[in-house]
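Here's the structure, in structure tokens; my notes come after.
The values are calculated or read from the model by the stated rules, or taken from the named source; none is laboratory data. As the structure is a computational prediction, the values presented were derived from the model and not from experiment. Glycine gets a Cβ as well: all are built from the backbone with ideal geometry, and neighbour counts include every protein chain shown.
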Amino acid sequence: MTQNTIAIGSDHAGFEYKEYLKDVLKSSDWGFAMVDVGTYSSNSVDYPDFSHQVAKKVVDNEVEYGVVICGSGNGVCMTANKHTGIRAALCWTEEIAILARKHNNANVLCIPARFITNEIAKRMLHAFISTAFEGGRHSVRIDKINK
């Protein structure tokens, strides 16, 4: 696995957020590299095309985490979760992002671009990549998800 690397993708509704989070990652001292799988403009596209690419990179251990963004976050989340080994979490607060990592060992952060601010997206991303999975009783639950 490529440690400290994030794949990021969005549809047209999430394009500006994707670009913003790319800039955040580039200018931060968070220690993460980023792979952008598109879209590369605000022209209308189909969110599954980009969510599948991000999920595949996570499953294939090309990246440690994925971030997918669409208007509601639901479409990209549903798509990513079709991949075995993906635990994509739709988050709209920093606390939910933390719990998704701590309790669910989420490996893909799903962001609802039409319902949060850039600042919340930034804080969620930082919380997501800096929070460790607690393991313990949660590991049993993750095993049950994987069945």
*Given the structure, is N61 at positive phi and either in a loop (DSSP other than H, G, I, E, B) or modelled with pLDDT of 95 or more (or both)?*
yes
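Condition check ((1) at pLDDT 95 or above; (2) surrounded by fewer than 17 Cβ atoms within 10 Å (Cβ to Cβ); (3) in a helix (DSSP H, G or I); (4) over 12 Å from the mean Cα position of the chain (by Cα)) across all residues:
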residue: H12; (1), (2), (3), (4): yes, no, no, yes
residue: L21; (1), (2), (3), (4): yes, no, yes, no
residue: G31; (1), (2), (3), (4): no, yes, no, yes
residue: G38; (1), (2), (3), (4): yes, yes, no, yes
*Of residues in segment 25-63 being basic (K, R) and free of Cβ contacts under 8 Å to residues at least 40 places away in the same chain, the one nearest to G75 (Cα to Cα)*: K56
*Give segment 51-104 a look and list any residue that's small (G, A, S) and in contact with a helix residue (DSSP H, G or I) (Cβ under 8 Å, 6 or more places away or on another chain), or say none.*
S51, A55, G66, G75, A80, G85, A88, A89, A97, A100
